[in-house]
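The values are calculated or read from the model by the stated rules, or taken from the named source; none is laboratory data. Only a predicted model underlies this, so the values are computations on that prediction, with no experimental measurement involved. When we count neighbours, we look across all protein chains shown, and the Cβ atoms used for this are built from the backbone with ideal geometry, even at glycine. Each accessible area value is taken on the protein alone, full model and side chains, heavy atoms only, with ligands, DNA and RNA left out. Shrake-Rupley method; radii C 1.70, N 1.55, O 1.52, S 1.80 Å.
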Amino acid sequence: RRVYNMKKRQILALALAAAMAAAAVTGCGAPSRPDGSGETGDTDSSGGSGEESKDGVVELTFMGWEASPLETQAVKDGIAAFEKENPNIKVNYTPGLAGSEYNAKLLSSAAAGSLPDVMFVAAESYRAIVSKGALWDITDQFDESYPLDDFIDSSRQIMEVDGHVYGISSCTVSPIVYYNKDVFDAKGIEYPSADPENCWTIDEFRDIAKQLTSDDIYGVYGLETVADTLNAQLLSNGGTRYNEDYTKSTMNSPENKEVFETIKAIRTEDGSAPDASTLDAVGMSAKQMLQTGKVAMLVDGSWSLQELAASGMNIGMAPLPSYGKVLTTGQAHLHCISDTSKHKDEAWKFLQFLSGMDYQGALVKSGLWMPNRYSMYEDDAVAQWYDEKVHGDSYKQMLTYFKDAVVDPTALQLTSQARDIIAEETDMYFKQDQDIDTTLQNMDTRIDEAIQDALQQ
């Protein structure tokens, strides 16, 4: 406790500088819509009908979310490239709501028959929207030139529902470990191996985190951000999230309990990790803590590489520590076509573009995504998207780690409410000292109720 409080006091001294730096990066005001209005609220997406102008140009409506300025600009750049290749098609893109608000809008639009022609669909909402009959069944559109078998296993599992496909997984993303090489160098600690065949164990990881920890440096952050990193840890320890048909939650198990208790012990017993309130108090994001050397290691999604690489920090990457099995999870949102679209042929052409080298490859090159097609892991394809300045010298050792990732159970669950339930209950355990057995039982009870509600709708 004394060491923890000392760190908080010392890091607080950086608050003003960090806040000023954050303001310089993020600016002020809400992100702008493509029309420059600055509004990102509920928007009309043309009801999925599409339009055809007098000069024969087909207009497709395309809806997504505002994930980050970098990602939104990448989408716009991709659309411009597609329109250049296909001058008879114009894509009207509307980014806006995100998270649960976006999912709710999509479900309500599906019920009203007013979906846009093409849209982002979060993997956790995909099956619920498919059940409404709102998405075009594209199973028969795949052929030898664009085979379904080219998609890596985790992506294909997400795409297929009872043997049918209603959307194309945008990419794959996975949780990994980032580390600040400068902190390792100053401590004289050897960098962790990027080779999954030589992966560190959770005990080795925990010991290194303690060695990296001092009065003004935390060894690690991110193990408690369960929405993005928890499932891989549970599966590595032999735990599960659901039964085989995803109709029952299986969180309350000895394997899962061990993972939760280990994560908490790294902070409360070892003193190696701050909690989220510490970051809030100093006005730093987790990535800023890593960049400034106040956190030595960060467990986060592979998508964070884009921002970290752009910062110019001396960054390293490694697989997640193993609890038993060496693995990470893979998932990503899908691109789907409304069943009511009047321009399905043009929309299908756009979907193929979104999963190809010109679009997906560009976002992989930036560090935001990883490829979800086996062909993009071939040497000649890797040469097109691999960027030494972004990916560093060890990233290629992790390619099979991403390609062979197990599907994230969140992407296959029957209710998107499960994510919120997990977050709420783990928050009670990590921050409010709720008993672990009560926490796990509450998860199962609440998730089972949410699943039954979803099945009855």
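For the reader, a short list of remarks on this structure follows.
- Two-decimal Rg to Rh for the range 81-134 - Kirkwood Rh, Cα set: 1.05
- Within the accessible surface of the range 361-451, defined with a 1.4 Å probe on protein heavy atoms only, the carbon and sulfur portion equals 45 percent.
- Stokes-Einstein, applied to the Kirkwood radius of the range 218-280 over Cα pairs at a viscosity of 0.890 mPa s and 25 °C, places its translational diffusion at 193 µm² s⁻¹.
- The translational diffusion coefficient of the range 354-446, from Stokes-Einstein at 10 °C and 1.306 mPa s with a Kirkwood hydrodynamic radius over alpha carbon pairs, comes to 98 µm²/s.
- Stokes-Einstein D in µm²/s, Kirkwood radius over Cα pairs - the range 57-182 at 20 °C with 1.002 mPa s viscosity: 130
- Convex hull per residue volume in Å³, alpha carbons only, for the chain: 143
- Counting only DSSP beta bridges whose two residues both lie in the chain, roughly 65 percent are antiparallel.
- Mean Cβ neighbour count within 10 Å, used as a protection proxy, ranking 210-223, 233-246 highest first: 210-223, 233-246
- Short-range pairs are left out: with C-alpha atoms under 8 Å and at least six residues apart, the relative contact order of the range 229-377 is 24 percent.
- Helix 2-12 axis, angle to the chain major axis (alpha carbon atoms, nearest 10°): 50
- Cα gyration tensor, the range 301-457 - rounded (a/c under 1.5), prolate or oblate: oblate
- A crude spin-label estimate for the pair Asp380 and Tyr246, with each label 7 Å from Cα along the Cβ direction, gives 3.6 nm.
- Across the chain, the relative contact order, built from alpha-carbon pairs under 8 Å that are at least six residues apart, equals 24 percent.
- In this label model, Asp280 and Glu83 are separated by 4.2 nm, measuring between points 7 Å along each Cα→Cβ vector.
- With all protein chains kept in place, the per residue accessible area of the range 293-423 amounts to 34 square angstrom at a probe of 1.4 angstrom.
- Across the range 98-105, coupling constants 3J(HN,Hα) worked out from phi with the 6.51/-1.76/1.60 Karplus curve, θ = phi - 60°, read 9, x, 5, 5, 5, 4, 5, 5 Hz, and Gly and Pro carry x.
- Scaling against 2.2 N^0.38 Å puts the C-alpha radius of gyration of the range 319-366 at 1.73.
- Cross-link partners for Lys181 among the lysines, with Cα-Cα distance under 28 Å and sequence neighbours closer than 8 places in the same chain left out: Lys7, Lys8, Lys210, Lys264, Lys287, Lys294, Lys325, Lys365, Lys389, Lys396, Lys403.
- Compared with the dominant Cα axis of the chain, that is its longest principal axis, helix 202-212 is turned about 60°.
- Prolate/oblate/rounded label for the range 253-356 (Cα gyration tensor, a/c 1.5): prolate
- Cα-projected label distance for Leu70 with Asp195, points at 7 Å along beta-carbon direction, nm: 3.0
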